[in-house]
Amino acid sequence: MLDITLASIVLSLTSLAAVAYLYIAYKGRQTLDLKGFNDLFQASTMHFISRLRGVESRVEEAVKKAEAVASKIDFLDRNLEERDFSLSTLAGSLKTLMEAQVKFSRALRDFQGKLLQVDGRLNSVEAAVKGLKKPSPRTPTRPVFPKPPSPVQGEVSFTNLNPTEMEVLRLLYVSGPKTASEVREVIGRSREHTARLMKKLYLEGYVERDTEAIPFTYKLSEKIKKSFEFSVKSRREAE
């Protein structure tokens, strides 16, 4: 704006100079120097045009700055709109969360009420159970096993025993009392076969069974043990 004012002043001064030049020439009755006047006018005009171009460039620069400012304002405006949208979304999420919290609080209160009802029922059941008469404890009874038959009086005969049964008797004589599982590991027979074998030896009086501990242990009867001792002694004397 200042440049435009200066240009106007320069143009006005140039016009005044031209008028003054014409007036002086007229008063002095001098011949008008058209060439000088023309040079003065052209110089003034060129100066004026130069000033106008400077003003134009500054105006263009100001326009660019104004456009940049407008672009920044538009950018800030869009950011504000996005922030407003984000705030609106956040407000909606907070509202949904608060509604969910209210529902959860109601469900929690209902659940606590049901727990109190269950607790009351449990107390009633517990009181009813305490009121019942406690049954008298039962005394565990020990299993009754048949007594083994007494060994046959007189000389012991092993003719009715098979080699496996004789092996069991020798094992009990050498190693002492054994359980059925320990006997099975030595003779290499099945559990059922070993159980039947030991039962037969027990019922026929060849072995005795200790029922004080579980599993049961088997040992030679006194008559069979003495027979083995006599046999070993006789063999040693013969040697």
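Values in this text are rule-based calculations from the coordinates and carry no lab data. The shown structure was predicted, so the numbers you read here are calculated from the model rather than taken from an experiment. Every residue, glycine as well, gets a Cβ built from its backbone with ideal geometry; the counts of neighbours run over all protein chains shown.
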By how many nm would the segment from T45 to L116 grow when fully extended, if each residue of separation counts as 0.36 nm and the alpha-carbon distance is taken off? 15.1 nm
Would you please give the FRET efficiency between E192 and F230, computed as 1/(1 + (r/R0)^6) with r the Cβ-Cβ distance and R0 = 41 Å, to the nearest 0.05? 0.75
Given backbone amide H placed at 1.01 Å from N, residues whose amide H is under 5 Å from that of T217, ignoring those fewer than 5 places away on the same chain, are D210
Where in region 199-228 are there GluC sites (Glu not before Pro) that are in a DSSP coil and have at most 15 other Cβ atoms within 10 angstrom of their Cβ? E212
Filter K199/K226; K178/K199; K200/K233 down to the pairs with a C-alpha to C-alpha distance above 19 Å, please. K199/K226; K200/K233
So what are the ³J(HN,Hα) numbers for region 189-204, from phi and the Karplus equation (6.51, -1.76, 1.60; θ = phi - 60°), rounded to whole Hz, Gly and Pro as x? 9, 6, 5, 5, 5, 5, 5, 5, 5, 5, 5, 5, 5, 5, 5, 8
